[in-house]
Amino acid sequence: MPKTPATCPLDCPDACGVLVESDDRGRLLSLKGNPDHGWSRGTLCAKTALYGELVESPLRLTTPLVRRGSRSSSALEPASWDEAIARIVEGVGPLPGERILAAWYAGSSGVLARKFPLRMMHALGAAFVDGGLCDHTATAGYELVLGNPVGPDLEELDDVDLVVLWGCDM
């Protein structure tokens, strides 16, 4: 089966190298660290190492669920995407934009997962918080200390005298 070199889908500054093994239909078979990657050298963090299990889990929600009745008496039931979106429009559509607060959090998801909801919030005329729920203070700290929050040059870590890891799971 082909192994395709790629970059980790999470949005941390490491941009670790991964090897994606897929079948002839493009379905994920395995995800391994890329030993030829200059920084990660075949090592993956715990989140990325389990990414394939998450994506392929039989417990993964792939269909919208709606409640067709009161919250106290109705269970969530599968629905079509059209029905689910129509119900959202019905509930949110009548609200004036200033009554909708655009507050989001994407954790260590990629840029697409982090930024895509903004398109919908802009279309609704929502009021925006200044950055995400949790990472805005981290971004401000990066900018104050390091400038543009792209992250340090990880290739140069061997040459530094001190590394401080703040707020990370190492």
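The values are calculated or read from the model by the stated rules, or taken from the named source; none is laboratory data. Because the structure is a prediction, the values reported are computed rather than measured. Backbone-built Cβ (ideal geometry, glycine too); neighbour counts: all protein chains shown. Surface areas here come from the heavy atoms of the whole protein model, side chains and all, with no ligands, DNA or RNA. Shrake-Rupley method; radii C 1.70, N 1.55, O 1.52, S 1.80 Å.
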Seminar exercise, completed: Selection over region 23-46 where residues are aliphatic (A, V, I, L, M) and in a strand (DSSP E or B) yields a count of 3
Seminar exercise, completed: Reported set for region 23-44 where residues are touching a residue at least 40 places away in the same chain (Cβ under 8 Å) and either under 24 Å from LYS115 (Cα atoms) or exposed (fewer than 11 other Cβ atoms within 10 Å of the Cβ) (or both) is GLY38
For this session: Might you let me know whether region 7-22 holds any residue that is free of Cβ contacts under 8 Å to residues at least 24 places away in the same chain, assigned to a loop (DSSP other than H, G, I, E, B) and either surrounded by 15 or more Cβ atoms within 10 Å (Cβ to Cβ) or basic (Lys, Arg) (or both)?
Result: no
Exercise. Picking from GLY52, GLY91, which residue would you name as being in contact (Cβ under 8 Å) with a residue 12 or more places away in the chain, open to solvent by less than 100 Å² (accessible area, probe 1.4 Å) and not in a strand (DSSP E or B)?
Worked result: GLY52
Exercise. Identify, please: which residue in region 55-67 is open to solvent by 70 Å² or more (accessible area, probe 1.4 Å) and not in a loop (DSSP other than H, G, I, E, B) and is, among those, nearest to LEU29 (Cα to Cα)?
Worked result: LEU65
Exercise. What about ALA75, is it among the small types (Gly, Ala, Ser), farther than 30 Å from GLY125 by Cβ and open to solvent by 60 Å² or more (accessible area, probe 1.4 Å)?
Worked result: yes
Exercise. Does any residue of region 68-84 turn out to be in a loop (DSSP other than H, G, I, E, B) and at pLDDT below 75?
Worked result: no
Exercise. Between a first residue in region 60-75 that is under 19 Å from ALA86 (Cβ atoms) and a second residue that is open to solvent by 60 Å² or more (accessible area, probe 1.4 Å) and modelled with pLDDT under 90, which pairs have beta carbons less than 7 Å apart while being 6 or more apart in sequence or on different chains?
Worked result: SER74/ARG68
